Amino acid sequence: MESAWQQDWHLARAYLAWQAELGATEAICDAPVNRYDLPDKLAKPAAKPVAAAPVPMPEQPQVDPVAEAQAMAQAAPDLDALHAAMAAYEHCELKRGARNLVFCDGVASARVMIVGEAPGRDEDRVGKPFVGEAGQMLDRMFAAIGMDRAAPDPARALYITNVLPWRPPQNRDPSTEERAMMRPFVLRHIELAAPDILILMGRISASTLLDRDVRITKERGAWQTVLGRPAMPMLHPAYLLRNPAAKREAWADLLSLQAKLREAT
Ligand code: URA
């Protein structure tokens, strides 16, 4: 069976850093060595080696991860190219600890696009957004207004993605830097999918796409604009699982979405 740090890159790195902090900075061999048996045991200590002159390191060009993300995202002419560009992007540390890049699920031509926060354990394993417990809640919420991620009719279908395509370790909140560097990709994702309406699912999604701190319990249900499209922040289904009383507000928001869809036909 795999140990915990074999399964998790971030945990393994933290464990290594902790050992180094304790002073365990030398690797040991698999087999024991009796140093008294070594032929040179009586030899005088070797003269201190003369320190080699430091080799000048070539200057590393400064890269701006956000500018690079912007350039890569803008160069993608379609969703497949965007997926490939994200897979080739190397500045986000979350990539190292993730099993899968979680790109999307549902119907790309759907009128409604949902943008969540980041994959959790189940999404990381399966490679699709919102497939765990919160995802099942999301499916039930939208089924209540006749919408479904697998519906063949774009008017009833959903297209789903996240701000972050890689799972943060232990499901922690993505950092400001991680959100900033992945923002150009999710904006391009919206441009390419071109939905009529956006749902900003939860605080992280709303804050990232509106580019300011959103108090989701205050601002849920209030229509905003993102890339020229109506966008509504909603309470995240994981929040609704913890606070079932808030389902009443989510229901009001779903009805508001239904009305907006009618208005926009
Ligand atoms: N929560 C999200 O925001 N996105 C997922 O894909 C899963 C859970």
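The single condition among (1) within 16 Å of the ligand (Cβ to nearest atom); (2) touching a strand residue (DSSP E or B) at 6+ places or on another chain (Cβ under 6 Å); (3) in a loop (DSSP other than H, G, I, E, B) that A151 does not meet is (1).
Inspection of segment 182-201 finds no residue satisfying the criterion of being touching a helix residue (DSSP H, G or I) at 6+ places or on another chain (Cβ under 9 Å) and farther than 20 Å from R229 by Cβ. Looking only at residues in segment 189-213 that are part of a helix (DSSP H, G or I), more than 15 Å from the ligand (Cβ to nearest atom) and open to solvent by less than 40 Å² (accessible area, probe 1.4 Å), the one that is farthest from M147 (Cα to Cα) is L210. Do you know which residues across segment 150-206 are charged (D, E, K, R) and under 19 Å from A238 (Cα atoms)? Those that are charged (D, E, K, R) and under 19 Å from A238 (Cα atoms): R167, R172, D173, R203. Does segment 127-145 hold any residues that are open to solvent by less than 30 Å² (accessible area, probe 1.4 Å) and without any contact (Cβ under 8 Å) to a residue 24 or more places away in the chain, and which are they? Selection gives G132 alone. Scanning segment 97-126 for residues that are crowded, with 16+ Cβ neighbours inside 10 Å and among the small types (G, A, S), we see that the one that is nearest to the ligand (Cβ to nearest atom) is G116.
Cβ-Cβ distances below 9 Å connect the following pairs, each with a first residue in segment 78-96 that is farther than 18 Å from A118 by Cβ, a second residue that is among the basic types (K, R), and a separation of six or more residues or different chains: A85/R188.
Within the set L209, L198, the sole residue that is within 19 Å of A110 (Cβ to Cβ) and within 18 Å of the chain's Cα centre (by Cα) turns out to be L209. Within segment 113-148, can you find the residues that are in a helix (DSSP H, G or I) and under 15 Å from V163 (Cα atoms)? Listed by number, the residues that qualify are E123, D124. Is segment 53-71 home to any residue that is without any contact (Cβ under 8 Å) to a residue 40 or more places away in the chain, open to solvent by less than 50 Å² (accessible area, probe 1.4 Å) and not basic (K, R)? Yes, there is a match, as at least one residue in segment 53-71 is without any contact (Cβ under 8 Å) to a residue 40 or more places away in the chain, open to solvent by less than 50 Å² (accessible area, probe 1.4 Å) and not basic (K, R). Count of segment 225-260 residues, restricted to those that are open to solvent by 50 Å² or more (accessible area, probe 1.4 Å) and in contact with a helix residue (DSSP H, G or I) (Cβ under 7 Å, 6 or more places away or on another chain), is 4.
Residues that are open to solvent by 20 Å² or more (accessible area, probe 1.4 Å) and touching a strand residue (DSSP E or B) at 6+ places or on another chain (Cβ under 9 Å) within segment 156-185 comprise just one, R156. I'm trying to understand the selection: among the residues of segment 154-170, which are under 15 Å from the mean Cα position of the chain (by Cα) and assigned to a loop (DSSP other than H, G, I, E, B)? Passing the criteria: V163, L164, P165, W166, R167, P168.
The values are calculated or read from the model by the stated rules, or taken from the named source; none is laboratory data. As the structure is a computational prediction, the values presented were derived from the model and not from experiment. No Cβ is skipped: glycine too gets one built from the backbone with ideal geometry, and neighbour counts run over all protein chains shown. Side chains included, ligands, DNA and RNA excluded: accessible areas come from the protein's heavy atoms. Shrake-Rupley method; radii C 1.70, N 1.55, O 1.52, S 1.80 Å.
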